[in-house]
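Taken together, the values in this text are just the output of simple stated rules run on the coordinates, not laboratory data. These numbers were taken from a predicted model, which means no experiment stands behind them. Cβ coordinates were reconstructed from backbone atoms using ideal geometry, including for glycine residues, and neighbour counts include every protein chain displayed.
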There are 2 protein chains.
Amino acid sequence: MTLPTLTDIRSAHERIKPFIHRTPVLKSQQLNRMFGCELFFKCENFQKVGAFKFRGATNAVLSLSGEEKERGVVTHSSGNHAAALALAARMNKVKAYIVMPETAPVVKKDAVAGYGAAISFCKPTLQAREEAADEIIGKTGATLIHPYDNFNVICGQGTAALELLEDTENIDVIVAPVGGGGLMSGTSTAARGIDPAIKIIGAEPLNANDAWKSFTTGILTPSVNPLTVADGLLTSLSELTFSVIRNNVDDIFTVTEESIIECMLLVWERMKIIIEPSSATVLAAVKEHPSFFRGRRAGLIISGGNVDFRKLPF
Amino acid sequence: MTLPTLTDIRSAHERIKPFIHRTPVLKSQQLNRMFGCELFFKCENFQKVGAFKFRGATNAVLSLSGEEKERGVVTHSSGNHAAALALAARMNKVKAYIVMPETAPVVKKDAVAGYGAAISFCKPTLQAREEAADEIIGKTGATLIHPYDNFNVICGQGTAALELLEDTENIDVIVAPVGGGGLMSGTSTAARGIDPAIKIIGAEPLNANDAWKSFTTGILTPSVNPLTVADGLLTSLSELTFSVIRNNVDDIFTVTEESIIECMLLVWERMKIIIEPSSATVLAAVKEHPSFFRGRRAGLIISGGNVDFRKLPF
């Protein structure tokens with residue numbers, strides 16, 4: 001198993017630069033006062049398709065051989081990765097096949113269809129998804145681009161932290177949400193490579209705390225039917241992301257549903273930007289660990305801003 | 001009646017610069033494609049207190065004499081102007097007296113109280129508000145800072161357009177919401193002074209179309225009990241703002257409630273920024289007048305981002 005390095009992330013950045021937005025790093029004096037530390041929000045909610053996922057998907061598509069590009073890409077996802085892969089593929093004239101559960105919200109189906117991907121529907125189980133993807137691969141020879149258990153995807157995701165650390169100075173701590181661990185793997189590889197003194201913290205919902213369990217016990221322990229408002233963080237670490245995280249991360253802070261919702265609302269109200277619940281976990285980690293963060297300069301990766309405004313948790 | 005000039009707005013800008021945020025001008029490729037024009041959003045939702053009102057309030061406070069500063073400022077408002085005046089006063093060590101209707105939402109009372117202003121409550125009628133303010137003036141000698149019928153407030157509001165035109169090139173049209181007309185007066189004075197060829201458009205809810213009526217008939221015609229989701233635009237023009245608008249503005253486009261809500265949601269979804277309904281009127285004007293805007297470069301003043309997330313119109 002080859003683990004990514006800072007060099008791989010820098011290469012990914014050169015590769016994807018012409019396609020991605022360089023998202024801004026925002027600050028809020030009010031939140032700094034409230035939490036007694038200096039916060040730097042790397043705003044991937046402003047990324048294309050509204051999430052950091054576009055970085056990894058773009059890097060994966062651009063890393064294909066010419067022949068692989070001809071055959072297309074496939075993934076099974078109902079979330080941001082599906083939209084990200086569909087757009088990254090379209091921008092590079094590559095065919096994208098997306099397997100989605102029949103139960104996916106219409107708005108997500110429309111988004112993926114709008115990017116020109118071919119959608120196949122399946123029953124909402126992991127087995128059905130994988131079978132449907134395998135069938136497409138058998139027929140088309142398309143390359144599976146897993147949402148996080150993929151070297152190139154991880155390298156792409158790490159470019160957000162790279163930009164954050166280029167655009168700020170003297171960061172003491174960097175915090176990213178942990179779901180399947182793709183973002184955390186890329187973030188921690190970038191940060192550890194750039195400055196070994198930076199503390200690297202994962203933020204995870206207590207209700208989906210497989211990464212915390214795996215990190216604490218040293219044994220990869222997937223979540224079983226987790227339930228959290230942070231719907232981007234329901235997935236569990238893979239062998240690959242677990243290995244990277246175990247190597248690089250200093251700690252994983254779990255956060256309550258109440259904190260996630262409170263912090264999401266805080267950012268909406270005070271910063272006037274839309275972040276999704278998964279992104280609010282990083283501020284919730286700050287809120288729940290005041291003594292750790294006090295006086296520090298913390299970079300927070302805001303993972304995305306795709307929210308169903310008709311189903312708000314507040 | 002002295003009307004403000006570009007020179008007055010430039011002076012206001014120099015005066016308030018150390019206190020305000022220079023807010024960003026954002027673009028959205030998706031919205032440009034959707035509307036067939038190039039849009040430049042001047043984001044006063046990121047201004048202090050979440051609205052352009054902080055510009056005018058700050059200019060008014062800074063324009064007081066030393067003796068006036070000692071006696072304090074007073075206004076009657078339950079909206080963004082109250083919070084803006086309270087903060088502008090506190091930052092300049094001036095006492096602020098705010099008259100609010102008893103019926104104002106708790107969140108607004110808390111915001112104003114949080115900025116250290118002295119709040120007086122009154123019955124929710126204009127007469128009761130004015131009497132309460134007069135009583136405070138009688139007792140304290142405080143200076144009334146009207147939300148829009150005030151020369152210095154208008155000059156402050158105009159600084160948003162000044163920055164927008166400094167930070168962009170070749171703007172063909174500038175659009176601002178019209179409520180009491182303070183923002184529109186400042187915006188139009190700045191734009192007309194900088195480039196007489198710029199088209200200047202007011203955006204007003206059809207349900208509170210006093211400015212459109214007054215502009216069309218040439219006779220100042222206040223609204224009677226208007227009802228619109230754009231709660232910042234319920235007020236009517238004053239003699240002063242009507243005079244400025246009549247001199248400078250090319251047209252006033254009225255917009256429906258449906259368009260306002262649709263465009264507010266569009267900006268939230270596509271741009272991932274929070275704008276209040278009043279701000280959405282400017283995009284609604286673009287949507288309802290496609291042939292006017294097609295192919296043009298339009299600067300849109302986004303007036304603010306203060307929204308009650310528990311009472312969303314969608």
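Could you sort out which of B:48/B:272; A:311/B:48; A:27/B:108 sit more than 26 Å apart by Cα distance in this structure?
Pairs exceeding 26 Å: A:311/B:48.
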Q) With +1 on each Lys and Arg Cβ and -1 on each Asp and Glu Cβ, how big is the dipole of the range B:54-151 about its Cα centre, in debye rounded to the nearest 20? A) 340
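Just from its helices, what would the mean residue ellipticity at 222 nm be for chain B, if runs of 4 or more DSSP H residues each count -39500 (n - 2.57) and the sum is divided by every residue, rounded to the nearest 500 deg cm²/dmol? Please report the intermediate quantities before stating the final value.
Working: 15 runs with 148 residues, N = 314.
Only helices count here, giving -14000 deg cm²/dmol.
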Q: Collect residues whose amide H, placed 1.01 Å from N in the peptide plane, falls under 5 Å from the amide H of residue A:99; neighbours closer than 5 in sequence don't count.
A: A:75, A:76, A:77, A:120
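Take every DSSP beta bridge with both residues inside chain B and express the antiparallel ones as a percent of the total, to the nearest 5.
10
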Q) Given the C-alpha centroids of the range B:223-289 and the range A:50-64, what is the distance between them in whole angstrom? A) 38
Q: Rank the residues A:261, B:154, A:16 as a footprinting-exposure proxy: fewest other Cβ atoms within 10 Å of their Cβ go first.
A: A:261, A:16, B:154
Q. Mind checking the angle between helix B:257-271 and chain B's longest principal axis? C-alpha axes, 0 to 90 degrees, to the nearest 10.
A. 80
Q.
Using Cα springs under 10 Å in a Gaussian network model of chain B, which residue among B:92, B:59, B:209 shows the largest mean-square fluctuation?
A. B:92
Q: Work out the charge dipole of the protein assembly as shown with +1 on the Cβ of Lys and Arg and -1 on the Cβ of Asp and Glu about the Cα centre, then indicate which of A:174, B:72, A:127 is farthest towards its positive end.
A: A:174
Q | For the range A:239-251, 3J(HN,Hα) per residue [Karplus equation, 6.51 cos²θ - 1.76 cosθ + 1.60, θ = phi - 60°, Hz, x = Gly/Pro] | A | 3, 5, 5, 4, 4, 5, 5, 4, 5, 10, 7, 7, 6
(Q) Under 5 Å between amide hydrogens, which residues at least 5 positions from residue B:3 or on another chain qualify, with H placed 1.01 Å from N in the peptide plane? (A) none
Q) Which value, to two decimals, describes the C-alpha radius of gyration of the protein assembly as shown once divided by 2.2 N^0.38 Å? A) 1.03
Q | 14 Å beta-carbon shell around residue A:202, net charge (K/R +1, D/E -1) | A | -1
Q: Enumerate the lysines that residue A:213 could reach by cross-link, defined here as Cα to Cα under 24 Å, with residues fewer than 8 away along the same chain left out.
A: A:199, A:287
Q: Report, in whole Å, the centroid distance computed from the Cα atoms of the range B:14-40 and the range B:82-156.
A: 29
Q: Starting from the Cα of residue B:42, draw a straight line to each of the aspartates and glutamates and keep only those under 12 Å, dropping any in the same chain fewer than 8 residues away.
A: B:163, B:166, B:167
Q.
Just to check I understand the Karplus step: with θ = phi - 60° and J = 6.51 cos²θ - 1.76 cosθ + 1.60, what whole-Hz values come out for the range A:33-44, glycine and proline as x?
A. 5, 4, 9, x, 8, 10, 10, 10, 8, 8, 8, 6
**Q.** Net dipole in debye of chain A [+1 Lys, Arg Cβ; -1 Asp, Glu Cβ; about Cα centre; nearest 20]
**A.** 700
**Q.** Considering only the protein assembly as shown, percent of DSSP beta bridges that pair antiparallel, nearest 5
**A.** 10
Q. Among A:95, A:53, A:139, whose mean-square fluctuation peaks in a Gaussian network model of chain A (Cα, cutoff 10 Å)?
A. A:139
**Q.** ³J(HN,Hα) computed for each position of the range B:7-20 - Karplus, 6.51 cos²θ - 1.76 cosθ + 1.60, integer Hz, glycine/proline x
**A.** 4, 4, 5, 4, 5, 4, 4, 4, 5, 8, 2, x, 9, 8
